[in-house]
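**Q** Below is the structure I would like to discuss, written out as structure tokens.
The values are calculated or read from the model by the stated rules, or taken from the named source; none is laboratory data. From a predicted model like this one, the values you see are computed outputs, not experimental measurements. Glycine gets a Cβ as well: all are built from the backbone with ideal geometry, and neighbour counts include every protein chain shown. All accessible areas refer to the heavy atoms of the entire protein, side chains included, with ligands and DNA or RNA removed. Shrake-Rupley method; radii C 1.70, N 1.55, O 1.52, S 1.80 Å.
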Amino acid sequence: MTNTKQLREHWDKLVPEYDLNNHRKWFWSSPYAWADEIARRITDCKKVLDVGCGAGALSIPLAREFDLYSLDFSLDMLTQLKTRKDELGADVEMINADAHKIPFKDESFDAVICRFAIWPLSNPEYAIEEIVRASKKKIVIIEGDWSRDEKRTLRQKVIGKPFYAIYDSYYKLATGRDPKKHFKEMKKYHQISTSCEKIKEWLENLGVIITEVDYSFKDRVSTKKSKFLQAITGFNEPMFILSGDKT
Ligand SMILES: C[S@@+](CC[C@H](N)C(=O)[O-])C[C@H]1O[C@@H](n2cnc3c(N)ncnc32)[C@H](O)[C@@H]1O
């Protein structure tokens with residue numbers, strides 16, 4: 001795998017943005033509403049692997065119902081996860097490993113989930129193979145359809161872009177942090193851009209039966225502030241939950 005070290009260093013620096021306690025400010029959504037969305041898709045499962053778990057903003061709330069195993073290649077993300085899980089008394093098993101090489105035998109988990117951690121991978125198709133291999137029953141992938149060359153609308157150009165430029169400067173001033181810089185740097189390591197269609201195709205090629213593609217859940221997890229800003233700025237990136245059954 002190329003450039004893993006550089007990529008990991010960027011993720012190590014993004015820990016505060018992915019902290020459970022910062023979820024409403026950074027993701028502008030409720031971690032517990034997110035967990036409910038996933039939980040109802042894996043009701044018949046017990047042992048769950050969260051691939052690219054970050055600082056555990058999804059794993060920790062899910063651990064109230066499931067036996068959670070959380071995998072990330074960033075040790076700093078996992079250290080933060082440990083702090084929060086200890087504070088909340090959540091039972092989460094942490095695994096410091098690469099998503100391209102999941103260190104478990106075939107079908108070790110009832111479900112394998114992955115939220116916003118396919119797009120950062122240098123070989124997402126290969127990681128999907130690993131995810132499918134590690135699952136016995138269910139696969140749930142949450143991603144965005146972030147097309148790099150999508151045309152901006154007038155509202156996005158005139159209101160959205162200036163608004164977020166001001167917001168980014170404010171964030172930098174208030175926190176002394178510049179997460180955008182890390183995301184920008186990371187882009188150069190990605191040869192493949194992911195999309196719902198592409199991930200669906202990879203899963204189907206591996207024999208997974210797609211049971212649901214849901215683009216409607218965003219409203220159910222977003223905070224009021226987030227919904228308001230989506231309406232004003234015109235930026236409302238499409239996100240999907242893709243669920244599949246292993247045959
Ligand atoms: C956008 S964050 C999402 C974090 C978490 N899933 C969430 O929703 O809060 C992507 C995560 O994927 C992890 N990641 C990126 N590349 C990885 C790889 N090759 N193997 C394992 N984890 C990786 C990063 O460290 C980061 O924590």
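**Q** 7 Å from Cα along Cα→Cβ at both N236 and Y164: what's the point-to-point distance in nm?
**A** Output for this residue pair reads 1.6 nm.
**Q** How many percent of Cα pairs in the stretch 10-104 exceed 23 Å? Write out the running numbers ahead of the final one.
**A** Details: 787 of 4465 pairs.
The proportion of pairs with Cα distances above 23 Å equals 18 percent.
**Q** Compute the Cα gyration tensor for the stretch 117-183, then decide on rounded, prolate or oblate, letting a ≥ b ≥ c be the square roots of its eigenvalues: rounded whenever a/c is under 1.5, prolate when a/b is larger than b/c in the other cases, and oblate in all that remain. Present the calculation step by step, with values, prior to reporting the outcome.
**A** Values: a/c = 3.20, a/b = 1.94, b/c = 1.65.
Since a/c reaches 1.5 and a/b is larger than b/c, the shape of the stretch 117-183 is classed as prolate.
**Q** Ok, one more. For the peptides 159-170, 90-101, what is the packing order when you average, over each peptide's residues, the other Cβ atoms within 10 Å and list the highest mean first? Before the final figure, lay out each step's value.
**A** Working: 159-170: 13.2, 90-101: 16.8.
The most tightly packed comes first, giving 90-101, 159-170.
**Q** Report ³J(HN,Hα) in whole Hz for each residue of the stretch 85-90, in order, from the Karplus equation J = 6.51 cos²θ - 1.76 cosθ + 1.60 where θ = phi - 60°; Gly and Pro get x.
**A** So the J values, rounded to whole Hz, are 5, 5, 4, 9, x, 7.
**Q** Starting from the amide H of S70, placed 1.01 Å from N in the peptide plane, find each other amide H under 5 Å away whose residue is 5 or more places distant or on another chain.
**A** Close amide H contacts, sequence-distant or interchain: D50, E93, M94, I95.
**Q** Going by average Cβ neighbours within 10 Å, how do the peptides 4-11, 35-42 rank, with the highest at the top?
**A** The peptides rank, most packed first, as 35-42, 4-11.
**Q** How tilted is helix 124-134 with respect to the longest principal axis of the chain? Cα atoms for both, answer in degrees (0 to 90, nearest 10).
**A** The angle comes out near 40 degrees.
**Q** To continue, here is another question. On average, how much accessible surface per residue is there in the stretch 4-245, in Å², for a 1.4 Å probe, leaving out ligands, DNA and RNA? Walk me through the intermediate numbers first.
**A** Numbers: 12060 Å² over 242 residues.
Heavy-atom SASA per residue in the stretch 4-245 reads 50 Å².
**Q** Between K5 and T211, what length comes free when the chain is fully extended (0.36 nm per residue of separation minus the Cα-Cα distance, one decimal in nm)?
**A** Here the segment from K5 to T211 would lengthen by 70.6 nm.
**Q** Could I have the simple spin-label model distance between D12 and K225, label points 7 Å from Cα toward Cβ, reported in nm to one decimal?
**A** Going by the 7 Å Cα→Cβ label model, 3.0 nm.
**Q** Next question, about the same structure. Can you list the HN-Hα couplings for the stretch 213-225, worked out from phi with the Karplus curve (6.51, -1.76, 1.60; θ = phi - 60°), rounded to whole Hz and with x for Gly and Pro?
**A** Each residue of the stretch 213-225 in turn: 10, 10, 9, 9, 6, 4, 4, 6, 10, 6, 6, 4, 4 Hz.
**Q** Report D for the stretch 4-245 in µm² per second (integer): Stokes-Einstein, Kirkwood Rh on Cα pairs, 20 °C, 1.002 mPa s.
**A** Values: Rh = 18.5 Å.
For these conditions, the coefficient is 116 µm²/s.
**Q** Nothing charged except the Cβ atoms of Lys and Arg (+1) and of Asp and Glu (-1): what's the magnitude of the dipole of the chain about its Cα centre? Round to the nearest 20 debye. Present the calculation step by step, with values, prior to reporting the outcome.
**A** On the way: 41 positive and 38 negative charges, 219 e Å.
In debye, rounded to 20, the chain gives about 1060.
**Q** Still on this structure, please answer the following. I'd like the Kirkwood hydrodynamic radius of the stretch 81-120, using the inverse of the mean 1/r over distinct C-alpha pairs, in Å. Walk me through the numbers on the way to the answer.
**A** Values: mean 1/r = 0.0803 Å⁻¹.
Computed over the stretch 81-120, the radius equals 12.5 Å.
**Q** Mind checking the full-extension length gain between K157 and K136? Use 0.36 nm per residue of separation minus the Cα-Cα distance, one decimal, nm.
**A** Working: separation 21, 0.36 × 21 = 7.56 nm, distance 4.56 nm.
Full extension of this stretch gives 3.0 nm more.
**Q** Let me ask you something else. Carbon and sulfur together cover what percent of the accessible area of the stretch 4-245 at a 1.4 Å probe radius?
**A** Ligands and nucleic acids excluded, carbon and sulfur give 52 percent.
**Q** May I ask you to list the trypsin sites (Lys or Arg not before Pro) in the stretch 198-233 that are in a DSSP loop and have at most 12 other Cβ atoms within 10 Å of their Cβ? Walk me through the numbers on the way to the answer.
**A** Values: sites: K198, K200, K218, R220, K224, K225, K227; in loops: none.
Here no loop site has a sparse enough neighbourhood.
**Q** Given N residues in the stretch 114-247, what is Rg(Cα) / (2.2 N^0.38 Å)?
**A** On the way: Rg = 17.1 Å, N = 134, 2.2 N^0.38 = 14.1 Å.
Dividing the Cα Rg of the stretch 114-247 by 2.2 N^0.38 Å gives 1.21.
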